[in-house]
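One structure below.
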Amino acid sequence: MNKVELYDLGHAPYRPVWDLQTAIQQRLVDEKMARRKEQKLYKPGDESNDVLLFVEHPHVYTLGKSGDKANMLKGMAELADIDAEFIEIDRGGDITYHGPGQVVGYPIFDMDRHFTDIHKYLRYLEEVIIKTCAEYDIEAGRIDGLTGVWVGDKKICAMGIRCSRWVTMHGFAFNVNVDLSYFNHIVPCGISDKEVTSLQDLLGRKVDPTEVKAHLVTHFQEVFEISISEVDSLPELDNEFSYLVQSDIQAAPH
């Protein structure tokens, strides 16, 4: 069974976490390429484990490489009025919002250890969210032709990934207690005829994010058939990203 290291970053700005993902992804790719150069077969324990990051970002809109800037409805100069920023990034998909009250997950998985099928990977991520929603008696599902998880015709979880040498990064944004009004400033995921929702919106109460993350871990293990263990550090966090483990990271570089 593949082992995955879980690290919860708590609250952290978007850009340094993006850089952290890239560094972890590169570490996994480099180790795999070195092994292949030596013509060695993969054995669990010979290389670094896969990583799952949890994080909650301050207000930020991110646009994927296939996205349309026209789906950002608020002018760049106006973003300061809502304490938000706009970042163009290297994942697939269009525009989405990240902010307080959202549980964001970044699986950095070497898919050579699982299966090399990106569509299947996305369906597995969706299944993790669907099963987590079921813990709250919410019937979530898919809509044909659209990535993500939906409750009726409202999206509760957006997804977008990047894959290099079959090592993934980016992931999902699960609306738990998020302020849904921030979605009014974009065309979420470039889909104009659909709305968004959250666990809080559906249940009429705030939901404990720690509990949500525990459910996510349970269903990641079940769906992907992996073993997840929380760790207190990662190689990158001992070096150039050490500021991300400090108790106050508000001064972290953007």
Fill in the blank from the handout: Of the conditions (1) closer than 21 Å to GLN21 by Cβ; (2) exposed (fewer than 15 other Cβ atoms within 10 Å of the Cβ), the single one that GLY160 does not satisfy is (2)
Handout entry: Criterion violated by GLN21 - all others in (1) surrounded by 18 or more Cβ atoms within 10 Å (Cβ to Cβ); (2) modelled with pLDDT under 90; (3) not β-branched (Val, Ile, Thr); (4) not in a loop (DSSP other than H, G, I, E, B) satisfied
Key = (2)
Problem - Those strands (runs of 3 or more DSSP E) lying entirely in the range 49-121 with at least 1 residues under 16 Å from PHE172 (Cα atoms) and not charged (D, E, K, R) - result: 50-56, 60-63, 95-98, 102-108
Completion exercise
Here the residues within the range 189-206 that are in a helix (DSSP H, G or I) and either at pLDDT 85 or above or surrounded by fewer than 17 Cβ atoms within 10 Å (Cβ to Cβ) (or both) are LEU199, GLN200, ASP201, LEU202, LEU203
Fill in the blank from the handout: The lone condition CYS157 fails out of (1) among the hydrophobic types (A, V, I, L, M, F, W, C); (2) at pLDDT 95 or above; (3) not in a strand (DSSP E or B) is (3)
Handout entry: Filter pass, CYS133 being of a type in the set (A, V, I, L, M, F, W, C), touching a helix residue (DSSP H, G or I) at 6+ places or on another chain (Cβ under 9 Å) and touching a residue at least 60 places away in the same chain (Cβ under 8 Å)
Key = yes
Exercise for the section: Kindly list, by first and then second residue, each pair from a residue in the range 137-160 that is over 14 Å from GLU195 (Cβ atoms) to a residue that is among the small types (Gly, Ala, Ser) and outside any loop (DSSP other than H, G, I, E, B), limited to pairs with Cβ atoms under 6 Å and residues at least 6 apart or on different chains. Expected result: MET159/GLY148
Practice task
Assess whether ILE95 counts as being crowded, with 22+ Cβ neighbours inside 10 Å, within 24 Å of LEU9 (Cα to Cα) and touching a Cys at 6+ places or on another chain (Cβ under 9 Å).
Solution key: yes
Practice task
Check the range 24-43 and report whether any residue there is closer than 14 Å to VAL55 by Cα, in a helix (DSSP H, G or I) and touching a helix residue (DSSP H, G or I) at 6+ places or on another chain (Cβ under 8 Å).
Solution key: no
Practice task
Only residues that are surrounded by fewer than 17 Cβ atoms within 10 Å (Cβ to Cβ) and not small (Gly, Ala, Ser): list them for the range 163-178, please.
Solution key: ARG165
Handout entry: Which listed residue is in contact with a strand residue (DSSP E or B) (Cβ under 8 Å, 6 or more places away or on another chain) and assigned to a helix (DSSP H, G or I), from VAL212, VAL223
Key = VAL212
Handout entry: Residues of the range 24-67 that turn out to be surrounded by 15 or more Cβ atoms within 10 Å (Cβ to Cβ) and farther than 30 Å from GLU211 by Cα, as a count
Key = 8
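The values are calculated or read from the model by the stated rules, or taken from the named source; none is laboratory data. Here the structure is a predicted model, which is why all the values come from computation and not from measurement. Reconstructed Cβ throughout: ideal geometry from the backbone, glycine too, with neighbour counts over all protein chains shown.
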